[in-house]
1. Taking segment 29-85 only, how many residues are of a type in the set (Ser, Thr, Tyr) and in contact with a strand residue (DSSP E or B) (Cβ under 8 Å, 6 or more places away or on another chain)?
2. Which one of these is under 19 Å from residue 274 (Cβ atoms) and surrounded by 23 or more Cβ atoms within 10 Å (Cβ to Cβ): 326, 310?
3. Is segment 12-31 home to any residue that is at pLDDT below 95, assigned to a strand (DSSP E or B) and crowded, with 17+ Cβ neighbours inside 10 Å?
4. Out of segment 108-126, which residues are farther than 21 Å from residue 161 by Cα and surrounded by fewer than 22 Cβ atoms within 10 Å (Cβ to Cβ)?
5. Which residue pairs have Cβ atoms under 8 Å apart, sit 6 or more places apart or on different chains, and have a first residue in segment 61-77 that is not assigned by TED's automatic domain parsing to the domain that holds residue 13 and a second that is at pLDDT below 95 and not in a loop (DSSP other than H, G, I, E, B)?
6. Looking at segment 102-144, which of the residues that are outside the structural domain of residue 181 (by TED's automatic domain parsing) and of a type in the set (Asp, Glu) is farthest from the chain's Cα centre (by Cα)?
7. So residue 43 clears everything in (1) within 28 Å of the chain's Cα centre (by Cα); (2) surrounded by 17 or more Cβ atoms within 10 Å (Cβ to Cβ) except one condition, right? Which one?
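The values are calculated or read from the model by the stated rules, or taken from the named source; none is laboratory data. Quantities reported herein were computed from a predicted structural model and do not represent experimental measurements. All Cβ positions, glycine included, derive from the backbone under ideal geometry; neighbour counts span all protein chains shown.
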Amino acid sequence: MQPGDLIGPVRVGPIVHGGHCVARWEGQVVFVRHALPDELVDLRVTEVTRRFARADAVAVREASEHRVRPPCPNAGVCGGCDFQHVAPAFQTELKRRVLAEQLQRLAGIDWDGEVEQVPPVLGSRCRMRFVSVGDGRLGLRAHRSHAVIPLPEGGCPIASAAMPPHLAGPAEASGSAGEGGDEVVGVVSREGGALFAPGSDAVVTQRVGERPFRVAANGFWQAHIAAPEVLTRAVMAGLEPQPGERAFDLFCGVGVFAGALVDAGCRVWGVEGNRRAVELARGNVPEASFQAGDVERTLRRLPGRADLVVLDPPRAGAGRAVMGAVSQRRPRAIAYVACDPAALARDLGYAAELGWQASRIVGYDLFGMTHHLEAVAILRR
């Protein structure tokens, strides 16, 4: 088997972490894109390693009942979406299966919960990274490639209608869209839609509940327009903060969860590795105390006792050392917000070794047309 080979027909197996389905061909494991479980497909091999191969489904001989016509003409070519061929309700079911498999395999947790689909599925993205193709036109990179696929007429279907590439006329804001190959960041904020160069020091305003948040145009903010509200509600419902309690917001970004905890009457300390985000957090939530630095090391400078802890780590997860340091503070509850099910499962495994159990785990489908999901776990002794 070599890249470029056409193989099949192949019966596709279950979905796995990363958005691929697993299949086998002549004893070799093949990770398949653009297919669905139980479909019979022909494959084009894209990569071969010693342990596995990758392939794209190029012809469907027996289609799943959940296969639909993609809403975007760039589906299968653009790297921005990998579930355009899947009915939205079944996208959520596939994500539920992946989350359950990761929790069982990596943490020994038999989870029968749900992944909630958060509307809208299309038009949901308030942050996207585009690439200029010249003449004011924008595109997105192809899957596992530097090749740029120009946006279709009318813009990217998963982007908010307020995103500049959807607007009439040349897509320009904060200067031109750049020369061909330049990256630009599309942002929809309280000020409207705009494009920014990756090195821009501009700041935009978002809002969660009644509290405004200033965030760097190039900084982190949830991509789905409803995500900050949805995840904040989930965290607060799970923690049930009480006035006067001490709370840590770790990997706090610009202070979204810190703001909610302060509004609930808690005394809050936040830690974040990005110094610019910490500067903004101090202005967004002046009632809290924020420190910039590595979370594990900076935790040593925080009070030795906390009632509540929020963890919202990057895709790699919090890690064993941070989970241990959090456990030493003896909180009554921990809320873990995860963007990667494998990292969540690993960290829940570490927590279990320290005597913690997830009393609740809920998944949220905040990335329509892609395999990505968010999850919130509430941990108690």
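1. Total meeting the criteria: 1.
2. 310
3. Checked against the condition, which is being at pLDDT below 95, assigned to a strand (DSSP E or B) and crowded, with 17+ Cβ neighbours inside 10 Å, segment 12-31 yields no hits at all.
4. Passing the criteria: 108, 109, 110, 111, 112, 113, 114, 116.
5. Qualifying pairs under 8 Å: 72/78; 74/140; 74/149; 77/142; 77/149.
6. Taking the candidates together, the pick is 110.
7. (1)
Okay, residues lined up against (1) over 19 Å from residue 201 (Cα atoms); (2) not small (Gly, Ala, Ser):
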| position | (1), (2) |
| --- | --- |
| 247 | yes, no |
| 257 | yes, yes |
| 263 | yes, yes |
| 267 | yes, yes |
| 272 | no, yes |
| 275 | no, yes |
| 279 | no, yes |
